[in-house]
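What follows is one structure encoded as structure tokens, with my remarks underneath.
The values are calculated or read from the model by the stated rules, or taken from the named source; none is laboratory data. This one's a predicted model, so the numbers in the text were calculated from it and none came from an experiment. So basically every Cβ, Gly included, is an ideal-geometry build from the backbone, and we count neighbours across all protein chains shown. Each accessible area value is taken on the protein alone, full model and side chains, heavy atoms only, with ligands, DNA and RNA left out. Shrake-Rupley method; radii C 1.70, N 1.55, O 1.52, S 1.80 Å.
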Amino acid sequence: MLGGKRVKKEKSLGNEKRSERRLGYALVAPAMLLILAVAICPVIQSFYYSLFDYRLNDPTKSSIHLNYSLDLEGYLQNYPFLDSALKQEISTANGGVKETLANVQQQLQRIDEKIRSDEEVAKRYKQVDEALNNFESPSDEIKMVEIDKEVAEKFNNTIREVAKTLGKMKEAGELKQADKITGLAQGLKGTIIEPNFVGLKHYKDNFTDDRLWKALWNTTVFTVISVAVELVLGLAIALLINKAFFGRGLVRATILIPWAIPTAVSALMWKFLYDGQNGIVAKYFADIGLIHRMGDLLTTEVGAMFAVIFADVWKTTPYMALLLLAGLQTIPSSLYEAASIDGATKWQQFIKITLPLLKSSILVALLFRTLDAFRVFDLIYVLTGGGPANSTETISILAYKVMFSQTNFGEGSALAVIVFICVAIISIIYIKLLGADLLSDSAKK
């Protein structure tokens, strides 16, 4: 009897645990789906784009092409006129010239027949031809048609051979409409769109590019120095405003003002303050001997890096102080009272009580600030633009320049994925440290 009751009780407990587990998954599922949609999907899309030579400033690479395609609009704007011009030349030519032109015309006609042998291509061929005859511009969905690799290679070889032959005839003065014919033949060269899949080529090129490594170095220097200084200053401010004194609320609110200012606005403000002619901060730094002349802050490599770090420390130190203040308020005051009774000095209380109990809060604050600093973009973009001579160019700014200034979406997407990988590595390191700290604390308890 007792054994049966024990078994039933264990089954009941097992069912309750499974029910709680399913409930937990159901509650977490919406958040996970949101994270997947907002964070993971863009990364997957960026990785997909990085596998292609995707350039918006190149008509042949302005979209993803997995197969060979033919631009029927470009083809029909050149081939019919070239065929007509060749007929006119043949009608007035003699001997070997006439024979050569007839051979060229036959080559082009054969390739044209090869293209129209596919029913779908032939259908689109007529639609685009009708649109052009009506002085209309056909849509991309109609004018771009996929063709076999064999046909595409045959087309390219034929056009190269025809263009070479006609070029020689032009040099020999054997054509009456030389410029028109050779120009139309050259126009046919760009009508075949080749697949722009390049695999991991962008990653290989980037990791062998000195500019990427310099950008990573600049990002690391900026992150390490700014976060370290912000931690020290933020901890000092947090300790100060954690004390009870008259006007503490006003001081806390005032300290948060720099953090509340939009980053682009604060960067522009500091740009005026650093100005080599009228910047008051630049003048003070020059007067105290921190820099040789006022213009050094934004025109030299060391000065520019110092300028962006100084501006970042000014803006985000309050955020660090706010996070640490939250941790300080969880420490019981009775611990300090007991330590004081035992004769511990303020420094000993800070080392033995404050820092150990604040460790988790410090790691969380460092995690948030390190990730934010590593992805820095707007502050440096407005303040220095990555200059001078790319001395303050971070990995995020490099990705922006490649993707949007150069409209090279393939390589820019590869850089964006590299940024994500770096951020993920930093997150894993901090989470491992934070998790180990929490586990050790729970074991002690």
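Quick rundown of the values:
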| item | result |
| --- | --- |
| Anchor LYS189: lysines whose Cα lies under 19 Å away (excluding residues fewer than 8 positions away in-chain) | LYS61, LYS114, LYS143, LYS149, LYS154, LYS164, LYS168, LYS170, LYS180 |
| Identified option (computed log10 I(q)/I(0) by the Debye sum over Cα atoms at q = 0.08, 0.11 Å⁻¹; candidates (i) -0.48, -0.89; (ii) -0.43, -0.83; (iii) -0.75, -1.01) | (iii) |
| Inter-site label distance for MET32 and LEU355 at 7 Å from Cα along Cβ, in nm | 4.0 |
| Heavy-atom accessible area order for ILE425, ILE142, largest first, 1.4 Å probe | ILE425, ILE142 |
| Within straight-line cross-link reach of LYS87, aspartates and glutamates at Cα separation under 18 Å, skipping those fewer than 8 residues along the same chain | GLU99, ASP112, GLU113, GLU174, ASP179 |
| Two-site FRET efficiency, THR165 against GLN406, from Cβ-Cβ distance with R₀ of 41 Å, rounded to 0.05 | 0.65 |
| Solvent-accessible area of PHE272 with every protein chain in place, 1.4 Å probe, in Å² to the nearest 10 | 140 |
| Relative intensity, log₁₀ I(q)/I(0), of segment 334-445 from a Debye sum that treats every alpha carbon as a point, q = 0.13, 0.19 Å⁻¹ | -0.69, -0.99 |
| Segment ILE421-ARG21, extension gain: residue separation times 0.36 nm, minus the distance between their alpha carbons | 140.9 nm |
| Helical segments meeting 24 Å axial Cα length and Kyte-Doolittle 0.0 threshold in the chain (DSSP H) | 210-241, 301-328, 355-374, 409-444 |
| Nearest-10 value in Å² for the accessible area of ARG293, using the 1.4 Å probe | 140 |
| Set of aspartates and glutamates with alpha-carbon distance to LYS283 below 20 Å, sequence-local pairs under 8 removed | ASP275, ASP296, GLU301, ASP312 |
| Relative contact order computed over segment 139-233 (Cα-Cα under 8 Å; 6+ residues apart), in percent | 21 |
| R0 of 22 Å, Cβ-Cβ distance LEU233-PHE377: FRET efficiency to nearest 0.05 | 0.45 |
| Length released on extending from VAL302 to THR208, taking residue separation times 0.36 nm less the Cα-Cα span | 31.3 nm |
| The chain: relative contact order in percent, alpha carbon pairs under 8 Å with at least 6 residues between | 21 |
| Per residue value of the accessible surface for the chain (all protein chains in place, 1.4 Å probe), Å² | 58 |
| In segment 131-203, chymotrypsin sites (Phe, Trp or Tyr not before Pro) in a DSSP loop with at most 10 other beta-carbon atoms within 10 Å | PHE135 |
| Pairwise label distance in nanometres, ALA39 with SER62, each label 7 Å out on the Cα-Cβ vector | 3.6 |
| Inter-site label distance for GLU130 and ILE225 at 7 Å from Cα along Cβ, in nm | 6.8 |
| Helix-only CD estimate at 222 nm, as mean residue ellipticity for the chain, using -39500 (n - 2.57) per DSSP H run (n ≥ 4) | -23000 deg cm²/dmol |
| Accessible area of the chain belonging to carbon and sulfur atoms, whole % at 1.4 Å probe | 61 |
